[in-house]
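Just so it is clear, none of the values below were taken in a lab; they were calculated from the coordinates. This one's a predicted model, so the numbers in the text were calculated from it and none came from an experiment. So basically every Cβ, Gly included, is an ideal-geometry build from the backbone, and we count neighbours across all protein chains shown.
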Number of protein chains: 2
Amino acid sequence: MQETRLDTDRIRAARRVIDPIFLDTPLYRCEALEPGLGCAVSIKLETANPVRSFKARGTEVVASALADGGGSRAVVCASAGNLGQALAWSGRHRGLDVTVVASRFATVAKLDRIRALDARLELVDGDHEMARERAAAVARYDGIRLVEDSLDIETCEGAATIGLELVATAPSFDTVLIALGGGALATGVGHVVKALAPGVEVLCVQPLGAPAMTRSWRGRRVVTTDSTDTIADGVAGRRPIPAVLDDLLVVADDAVLVQEASIIAGMRLLLDQAGLVVEPSAALGIAAILEDRDRFAGRHVVTIVCGSNVDVDAYRGWVGAGVRH
Amino acid sequence: MQETRLDTDRIRAARRVIDPIFLDTPLYRCEALEPGLGCAVSIKLETANPVRSFKARGTEVVASALADGGGSRAVVCASAGNLGQALAWSGRHRGLDVTVVASRFATVAKLDRIRALDARLELVDGDHEMARERAAAVARYDGIRLVEDSLDIETCEGAATIGLELVATAPSFDTVLIALGGGALATGVGHVVKALAPGVEVLCVQPLGAPAMTRSWRGRRVVTTDSTDTIADGVAGRRPIPAVLDDLLVVADDAVLVQEASIIAGMRLLLDQAGLVVEPSAALGIAAILEDRDRFAGRHVVTIVCGSNVDVDAYRGWVGAGVRH
């Protein structure tokens, strides 16, 4: 395998500083999903923890280094909500001073939980890219640590610990389906899979309404977009980070784009057949299967259910009415 | 502690024959629930596995003994659905011939899953107690193993492994809330808690519409009822087993009855604030807190979310409409 910014020994070391509450998450075959999908499906469930997403794996690595480093204990990040909630949780446990910058259009439940975890929350009147700019400005002005999701290697290493768990317990998968946003999850898990189980296909899935990283991967150069239009708030970026794209080019076998209707159908299928409440980003894998059943027929896929933070009313609107299976 | 039928060393041994997919389930603080409940709440989540309930812990013990025993590989049980699904799963993995007897009024999703797991399903035109009688008759007639939930010690030992996990990772609880039906879960977990963390309160919760075991515990003798009237199908028994009651008298500090409206409010709270789909039995602990906030104020409780097998339409009816928090 070509080099990436990640290192498997460092990822193993990351496991040792992550609170065990976020590790060794459930991984199980979900046969009730299979008639609807036409392939064997396993779930890697990252939502049964205090922040309801995988993001704390990364923020635990960031926060433990900051707490042990003897320097400033202040930290700022931009977040669509899940990274901020996770950083707030990790920081609170270690006495860090956490600031989160988010779009004022972010999922309300995510913003509420960030506040409830005692972090300072600053809202910008724009999208996630504006929040990234503002967080960088805060860091420069205050002279504090900026956590940049996917660029900062700890966020990738934390996410990559999921990969260790996937290859340790179940090397029988043909394909792993990974939600693609900034790229920490995809490059982290992808690195481990390609290093330790190279026969397993690494397939990234992004919404058609937020396609910047997928288009960049296909074009082998950074492609930005002017706007995003998707309910999958957790992966709605417009400006891929070059170093992350370079890693993704090494580890991803393919990247596909899915429609909003498929994301909603995936959320509904996970609720009805698996009893799982998921946020839109966490249904991208199922959406990809729904859009191309032939591709997966007869295969065994694992999909990472990466988060479940939803606004209740919006969620009910997505899954509550309309078509049944 | 007075003797029960359970033995902590045997429970530790049970862990070694249970498929790890059912062990070491998530245990985490859920702060989003706490404003609504007025106490610290942790979740022990038993639904993120192939059968979506804790019951496979017990059926794994039963099935491994049968598979290793060299005798008949046929087995029958009565079930409201979760035990049958779990026995079907455990039996399929070991080449056992599994028959499940259930009420024709049982939750359809549970019956469908039993069939999908290749078990023989026999329906009786009556309630769960009639299914128990019929299963016993099948066992006598066919000369095969009858698995009696809560009476057969393996079902209690399997459930008791949850107790080992509770006391291993978090001895800081004041109270553990346990759904009370036949009693395997309550006596199993209760035994371990009283043996290894005797300061923790063991509080059993049953629906007011299916109060036989609670009334028996209070009266210190078996009390039966003529009927049940509850949506909590998993705990709707009418005829407590004397030996199980004897154990419950040793390990339970209290047993309370809750109303149907509280069970529904508990299910809705778990969906809205914790993102968890649960079946009614799994909301009994939250229902108990909702009915008596003063009792739990300032305490740290853990509630075992014991199952999530619901009929989708019924579930939507319970949680989908009406009052918000």
Calculated label separations, B:Phe105, copies of the chain, 7 Å along the beta-carbon direction, nm: 5.2
For B:Ser72 and B:Ala168, what is the calculated FRET efficiency with R₀ set at 41 Å and r taken between the beta-carbons, to the nearest 0.05? 0.70
Under the convention of a label 7 Å out along Cα→Cβ, give the distances in nm from B:Ala243 to the same position in every other copy, shortest first. 6.5
The rounded separation in angstrom of the Cα centers of the stretch A:117-138 and the stretch A:164-193 is 29 Å
Taking only C-alpha positions in the protein assembly as shown, Rg and Dmax in angstrom work out to 24.7, 82
Check B:Glu122: other-chain or 5+ apart residues with amide H under 5 Å from its amide H, H built from backbone geometry? B:Val100, B:Val101, B:Ala102
Taking 7 Å along the Cα-to-C-beta vector as the label spot, tell me the B:Ala314-B:Leu249 distance in nanometres, rounded to one decimal. 3.4 nm
Expressed as a whole-number percentage, the relative contact order of the stretch B:56-147 with C-alpha contacts under 8 angstrom and at least six residues apart is 32 percent
Using only the alpha-carbon atoms, how far is helix A:153-169 inclined from the longest principal axis of chain A? Give it as 0 to 90 degrees, nearest 10. 30 degrees
Take the alpha carbon gyration tensor of the stretch B:205-298, find the square roots of its eigenvalues, order them as a ≥ b ≥ c, and report rounded if a/c is under 1.5; if not, report prolate when a/b exceeds b/c, else oblate. prolate
Here the gain from full extension of B:Asp97 to B:Gln259, 0.36 nm per residue of separation minus their alpha-carbon distance, amounts to 54.4 nm
Most exposed first by the Cβ proxy, i.e. fewest other Cβ within 10 Å, how do A:His93, B:His128 rank? A:His93, B:His128
Counting other chain Cβ atoms within 10 Å of each Cβ in A:274-286 and taking the mean gives 3
Using a 7 Å offset from Cα along the direction of the beta-carbon, what are the separations from A:Asp294 to the same position in each other copy, nm, ascending? 6.9
Taking the convex hull of the Cα atoms, report for the stretch B:261-322 its projected area averaged over all directions, in nm². 4.2 nm²
For the stretch B:1-81, what relative contact order do you get, as a whole percent, if you take Cα pairs closer than 8 Å and at least 6 residues apart? 24 percent
Where Cα atoms sit under 17 Å apart: lysine pairs in the protein assembly as shown separated by 8 or more or lying on different chains: 4
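With n ≥ 4 as the cut-off for DSSP H runs, can you work out [θ] at 222 nm for chain B, using -39500 (n - 2.57) per run divided by the number of residues, rounded to the nearest 500?
-13000 deg cm²/dmol
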Using only the alpha-carbon atoms, how far is helix B:128-142 inclined from the longest principal axis of chain B? Give it as 0 to 90 degrees, nearest 10. 20 degrees
log10 of Debye I(q)/I(0), alpha-carbon scatterers only, for the stretch A:56-147 at 0.16, 0.21, 0.22 Å⁻¹: -0.54, -0.92, -1.01
Suppose each label sits 7 Å from its Cα in the direction of the beta carbon; what would the A:Ala136-B:Met130 distance come out to in nanometres? 7.1 nm
Could you work out the percent of alpha carbon pairs in chain B separated by over 29 Å, rounded to a whole number? 30 percent
Rounded to the nearest 10 degrees, the helix B:260-274 long axis (Cα) sits at an angle to the longest Cα principal axis of chain B of 80 degrees
GluC sites (Glu not before Pro) in the stretch A:14-103 lying in a DSSP loop, each with at most 14 other Cβ atoms within 10 Å of its Cβ, come to none
